[in-house]
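Here's the structure we're looking at; comments come further down.
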Amino acid sequence: LQFVNEFLTQIECFTQPLFAATNFVTKLDKAVLRRFDFKLDCQYLTSVQVLELYKQITRVKRLSESESATLLQLKYLTPGDFAILARRTKFSPNASIRDFAINLLADENQRKQAKPQPGFIRPH
């Protein structure tokens, strides 16, 4: 409670634009939420967006059935994942772009599914 009060005091006194991000919006104090004029809710890409971005980044005109099926299973992709793909393809110009892209996107998708544990991890 003391932290929340101090944070609210600091927000009220701050004269510059303040940007904040969280993955835990439901756990924020309502008074803190009221202090932000704009609240953006960033969702994962839709299936259509995933397929279009994949074709755009890989420069593939038509997807195979297995590519489409794999991509449609990846529910946690963001534009940032495709930005990573675009940057990484510059470092692997001779790699099979299709296999490389699917594997990279699957890895990024998998990272978002792990449930982070709050607090510190105690070594065994």
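The values are calculated or read from the model by the stated rules, or taken from the named source; none is laboratory data. Quantities reported herein were computed from a predicted structural model and do not represent experimental measurements. As a convention, Cβ positions derive from the backbone with ideal geometry for all residues, glycine included, and neighbour counts pool all protein chains shown.
Listing for the model above:
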| item | result |
| --- | --- |
| Cross-chain or 6+ apart pairs with Cβ under 7 Å, segment 57-73 first and assigned by TED's automatic domain parsing to the domain that holds Leu104, then small (Gly, Ala, Ser) and modelled with pLDDT of 95 or more | Leu72/Ser47 |
| Top-ranked residue in segment 1-60 [being within 30 Å of Lys90 (Cα to Cα) and β-branched (Val, Ile, Thr); ranked as surrounded by the most Cβ atoms within 10 Å (Cβ to Cβ)] | Val50 |
| From Leu105, Leu40, residue being under 19 Å from the mean Cα position of the chain (by Cα), over 30 Å from Phe3 (Cβ atoms) and among the hydrophobic types (A, V, I, L, M, F, W, C) | Leu105 |
| Filter result (touching a helix residue (DSSP H, G or I) at 6+ places or on another chain (Cβ under 9 Å) and either part of a loop (DSSP other than H, G, I, E, B) or under 30 Å from Leu71 (Cα atoms) (or both)) within segment 1-19 | Leu18 |
| Test: residue in segment 67-84 that is exposed (fewer than 10 other Cβ atoms within 10 Å of the Cβ) and over 17 Å from Lys112 (Cα atoms) | no |
| Complete set of residues in segment 43-55 that are within 19 Å of the chain's Cα centre (by Cα) and either more than 24 Å from Lys112 (Cβ to Cβ) or free of Cβ contacts under 8 Å to residues at least 12 places away in the same chain (or both) | Gln43, Thr46, Val48, Gln49, Glu52 |
